[in-house]
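What follows is calculated from the coordinates using simple rules that are stated; it is not laboratory data. Since we're looking at a predicted model, the values are computed, not measured. Cβ placement follows ideal geometry from the backbone for every residue including glycine, while neighbour counts extend to all protein chains displayed.
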Amino acid sequence: MMDLDFVQSLIKALDESGLDSIEIERGGTRIRIAKTASADTGAALVVPGGSTPPPVPMGSTAAPGLAQEGSPSSETSPGDSGLIEITSPMVGTFYRAPAPDASSYVAVGATVSPGDTLCIIEAMKLMNELECEVSGVIREICAESSAPVEYGQVLFRVSP
């Protein structure tokens with residue numbers, strides 16, 4: 001396991017260098033820090049167990065894996081459309097079904113309740129089931145099966 005001081009020194013070194021990203025593996029833990037990211041600004045820490053905590057902005061002193069105030073959550077409050085957005089809790093590959101020849105977990109128009117499996121997100125060769133935390137009806141599926149997804153990317157829109 002890498003300690004917080006080491007990670008912060010890597011962030012500082014990257015910030016002061018001409019490099020855009022750095023990836024290091026030490027003691028079975030791999031970390032990738034990047035100045036630019038496609039959806040969020042900051043760096044992402046990849047830890048064993050298949051989870052990817054929220055990006056840590058450059059210069060942040062937050063411990064990896066701890067949510068910061070104002071960070072996106074799995075569900076966001078209903079927007080102007082009245083729909084609840086269910087976002088990806090990690091970077092990975094989105095799968096709508098448990099196997100290529102199986103039917104999808106949910107489809108547009110399906111009624112869901114807390115605990116229902118919505119999809120699988122593959123991260124670091126681990127299959128992570130994303131369970132619904134709200135009751136409602138799936139109104140939109142915003143990602144294609146087998147497509148890469150980013151942390152915080154909207155995957156589903158549900159009407160309560």
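Residue under question is Ser146, and the condition is that it be hydroxyl-bearing (Ser, Thr, Tyr), surrounded by fewer than 17 Cβ atoms within 10 Å (Cβ to Cβ) and on the phi > 0 side of the Ramachandran plot; does it hold? Yes. Among the residues of segment 78-103, the one identified as of a type in the set (Gly, Ala, Ser), surrounded by 15 or more Cβ atoms within 10 Å (Cβ to Cβ) and touching a Pro at 6+ places or on another chain (Cβ under 9 Å) is Gly92.
Output the residues belonging to segment 109-123 that are in a loop (DSSP other than H, G, I, E, B) and loosely packed, with under 12 Cβ neighbours inside 10 Å. Working first, answer last.
The first filter runs over segment 109-123 and keeps only residues in a loop (DSSP other than H, G, I, E, B), leaving 109-110, 113-116.
If the condition is that a residue be in a loop (DSSP other than H, G, I, E, B) and loosely packed, with under 12 Cβ neighbours inside 10 Å, then Gly109, Ser113, Pro114, Gly115 are the ones that fit.
Taking Leu126 as the residue in question, decide whether it is surrounded by 17 or more Cβ atoms within 10 Å (Cβ to Cβ) and either in contact with a helix residue (DSSP H, G or I) (Cβ under 7 Å, 6 or more places away or on another chain) or in contact (Cβ under 8 Å) with a residue 12 or more places away in the chain (or both). In short, no.
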